[in-house]
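Below is one structure, written out as structure tokens; comments come after it.
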Amino acid sequence: EKVEITKEQRALIKAILDAYNRHQIPQDVTKKLLQEQYSAEENFLLLTEVATSQVQVLVEFTKNIPGFLSLDREDQIALLKGSAVEAMFLRSAQVLSKKMPSGYTEVLEERIRKSGMSEEFMTPMFNFYKSIEELHMTQEEQALLTTITILTPDRPYVKSHEAVERLQETMLDVLRKLCVLQHPQEPQYFARLLGRLTELRTLHHYHVEMLTSWKTNDHKFTPLLCEIWDVQ
Ligand SMILES: CC(C)c1onc(-c2c(Cl)cccc2Cl)c1COc1ccc(-c2ccc3[nH]c(C(=O)O)cc3c2)cc1
């Protein structure tokens, strides 16, 4: 049947894309990824700084998701805590898949590989990065997929499950139509995008162990990361 994006849905896409592009990590933070010297400690410190900055960006972006601020306040926190890691996997994946002239992506990849995390997480993590790159998502798809990840109803401690589910379904419907219109030759494209959300959950479980292994090697996190990831 003819797939049509309504006027409201077009406004929704514009609001989310504007918010997604408006909230970016400050240049001085991302520039340090290029400048500072290499060592496992330095790489970990830089990634911690970038992750902390990314969480702040994520909070600002989330506040601009239409309908998010009308959710119960405790649920807003529960959604942010529950989705931060997955949103950051998506964001770092999008950055790594843009082949930047400055060699920025290679430097970022190198620092992630040499940040003191155990080998067992490298393979699934970089397979995920590769699978995101192969999708060649548009900006709208990236912004919507991040929004859908944030609006996942079954995060721990979410009380108004239905309210979050309604919001997520609105976004899923928009993304489904966008995929049909922007990837007409690939009828399975939308399903492939949703498959990445499943992969993100797996990476989220790995990440809990990653944090533990960093903690045991006496790595320090910032107060914001400790709060959002329930690290002591
Ligand atoms: C606390 C640190 C060590 C950490 O723990 N887990 C992860 C961790 C790891 Cl490795 C992998 C995946 C997820 C996490 Cl959450 C991280 C590092 O997390 C990030 C790494 C890079 C970026 C990143 C890098 C460059 C960027 N450029 C821009 C831009 O807008 O230009 C955004 C951006 C974000 C964000 C989070």
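Remarks
- Of the residues making up the stretch 211-224, those that are within 12 Å of the ligand (Cβ to nearest atom), modelled with pLDDT of 85 or more and either farther than 15 Å from residue 50 by Cα or surrounded by fewer than 17 Cβ atoms within 10 Å (Cβ to Cβ) (or both) number 8.
- Residues (within 9 Å of the ligand (Cβ to nearest atom) and either closer than 17 Å to residue 19 by Cβ or under 14 Å from the mean Cα position of the chain (by Cα) (or both)) located in the stretch 43-68: 50, 51, 52, 53, 54, 55, 57
- Some residue of the stretch 138-149 being crowded, with 21+ Cβ neighbours inside 10 Å, modelled with pLDDT of 95 or more, among the hydrophobic types (A, V, I, L, M, F, W, C) and farther than 24 Å from residue 4 by Cα: no
- Considering the stretch 18-122, there are no qualifying helices (runs of 4 or more DSSP H) wholly inside with 2 or more residues that are modelled with pLDDT of 95 or more and in contact with a strand residue (DSSP E or B) (Cβ under 9 Å, 6 or more places away or on another chain).
- Criterion: in a helix (DSSP H, G or I) and out of contact with any helix residue (DSSP H, G or I) (no Cβ under 9 Å at 6 or more places or on another chain) - qualifying residue of 212, 149, 202, 170: 212
- Subset of the stretch 137-162 (residues that are in contact (Cβ under 8 Å) with a residue 24 or more places away in the chain and over 13 Å from residue 65 (Cβ atoms)): 137, 138, 139, 140, 141, 142, 155, 156, 157, 158, 159, 160
The values are calculated or read from the model by the stated rules, or taken from the named source; none is laboratory data. Source: prediction; values computed, not measured. Note that each Cβ is placed from the backbone with ideal geometry, even for glycine, and that neighbours are counted across all protein chains shown.
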